[in-house]
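The values are calculated or read from the model by the stated rules, or taken from the named source; none is laboratory data. Since we're looking at a predicted model, the values are computed, not measured. As a convention, Cβ positions derive from the backbone with ideal geometry for all residues, glycine included, and neighbour counts pool all protein chains shown. SASA here: full protein model, heavy atoms, side chains in, ligands and nucleic acids out. Shrake-Rupley method; radii C 1.70, N 1.55, O 1.52, S 1.80 Å.
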Amino acid sequence: MSLSDLSGASPDPSRGNLTAGSPAAVALAEPERAVRPVWVTGVVLVNVGINAAFFGPLQVLLGQQAAAFSEADKEAILALVTGAGAAVSLVANPLFGAFSDRTTSRLGRRVPWVLFGAILGAAALIALAGAPNVAIMALLWCLVQAGCNGAYAAVTAAIPDRVPVVQRGTVGGLAAMGQTVGILIGAVIAAAVTGNFAAGYLFCAVALLAGVVLYFFKSDDVPLPAGARPPFSLAGFAKGFWISPVLYPDFAWAWLTRLLVNIGNHMVTLYLLFFLKDAVHLQETQGIAPEFGVLILTGLYAVMVMVTSVVGGRLSDRMGKRKPLVIISSVIIAAASLILAFAPNWTGALLGASVLGIGFGCYLAVDFALITQVLPTSLSRGKDLGVLNVANSLPQVLAPLIAFPFVTLWGGYVSLYVAAAVIGLLGAVFVVKIKGVD
């Protein structure tokens, strides 16, 4: 692989010379054969590692580190650090996706970037443990986001590369299950180290690296011939990140609905540790440490997500329909926000986490299958999915900006969670605008 492998914009296949049976045609063909269980397992484990590295810090460790720097300013520090990292992910996800589209390594298009991203993310996590100030903390979290988003962009693009449409709900559900297991592992790590966030970062780094091993050896990634790349064009490469909503309206609506649902979800989870501490008063009312409360809620959420992601994904494959399940699951997610808003106690938190898991599990599986069916071209799946994944990352920037004034100025957690429900419901409404997928 060289820098020349990464240049240029991905062409439309209608303009290429993709002779049937040629190496380029094999690499870019719409998949028809069902993938092997070992391949699916490798993809699931990559998702486990990435999400352990993401959510252990996001749920607890970054909050603890922020409080260690300043208890009085912990919310502002956490919002700054997570917002900066999410801003990096806005660029990293589509950029690394485009790089993987263009890569002609003998290992394939996706594997090199999964490996590189995991190594970068793990190294930054280890360094984060010793960050001497908020500025370095933010910088290193940005590098974690860059590495993890690079790996995620590549492994996500591998699914439409290899998985036929009729199997994508099932595989998407299993990948979502892997994401949830990773979230749970991150929460377990954070709880197990009992406030030692430096040790927590180290264990998250180990989980990230371990997650890519099976995929590295069993990816079956098909190399892209060098001749399938268009000539270098910096302007063309940059222009390729704009996907016209006029030419591809289904893509645009899918992007917007995912953005809105994820903003609502991030608004719910961002201040969960502080919600349990300052609104539920978990230590005082139940004798449970807030960090352990996060673990309990994450466990409930994880169980529900693992069940509904697999069931929902398979159901959508059998139905041959995606939109009804996406709409229903979005409504359920909004209901979870309202439970937290109007029952700010431990019982309400347990119920809200369970309902959120039921809705989000189905949403993750079915919405992923839906978006793979609205991608513009097979030559640019990584880049196009990276652009769609901006709708996952941008809420990490927007949610803190939206949530912070609600928590501190506009009525606290009740108003925060009501606003999250309204935003999520808008996502459900706009799904009906997608015409090319049932």
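How high is the relative contact order of region 79-184, in percent, counting Cα pairs under 8 Å that sit 6 or more residues apart?
Result for region 79-184 is 35 percent.
Which residue, chosen from 139, 104, 192, occupies the Cα position most advanced towards the positive end of the dipole of the chain, where the dipole is computed from +1 (Lys, Arg) and -1 (Asp, Glu) charges on Cβ about the Cα centre?
Selected residue: 104.
Please return the longest range in the chain lying between exposed loop sites, taking GluC sites (Glu not before Pro), DSSP loop only, at most 11 other beta-carbon atoms within 10 Å, and leaving the sites out.
In the chain, the maximal stretch lacking such sites is 72-438.
Per residue, what accessible area does region 76-217 have, given a 1.4 Å probe and all protein chains present, in Å²?
30 Å²
What helices does the chain hold that run 15 Å or longer along their axis, going by alpha-carbon atoms, with a Kyte-Doolittle average of 1.0 or more, using DSSP H for the helix calls?
Passing helices, by number: 37-56, 111-128, 134-162, 165-192, 197-211, 290-319, 323-342, 346-372, 412-430.
Just to make sure I understand: if all protein chains stay in place, what is the order of 266, 281 by accessible area at 1.4 Å, largest first?
So the residues, ranked largest to smallest area, are 281, 266.
Carbon and sulfur together cover what percent of the accessible area of region 194-285 at a 1.4 Å probe radius?
Heavy-atom surface of region 194-285 belonging to carbon and sulfur, 1.4 Å probe: 71 percent.
For the full complex of protein chains and a 1.4 angstrom probe, list 165, 91 by accessible area with the highest value first.
Result of the area sort, largest leading: 91, 165.
Which order do 218, 74 take by accessible area at a 1.4 Å probe, largest first?
Listed by decreasing accessible area, they come as 218, 74.
What ranking, highest mean first, results for peptides 355-366, 182-193 when packing means the other Cβ atoms within 10 Å averaged over each residue?
So the order, starting with the most tightly packed, is 355-366, 182-193.
May I ask you to derive the relative contact order of region 290-438, considering only C-alpha pairs under 8 Å and at least 6 residues apart, and to give it as an integer percent?
35 percent.
What is the Rg over Rh value, at two decimals, for the chain, using alpha-carbon atoms and the Kirkwood definition of Rh?
That ratio is 0.96, to two decimals.
With n ≥ 4 as the cut-off for DSSP H runs, can you work out [θ] at 222 nm for the chain, using -39500 (n - 2.57) per run divided by the number of residues, rounded to the nearest 500?
-25000 deg cm²/dmol
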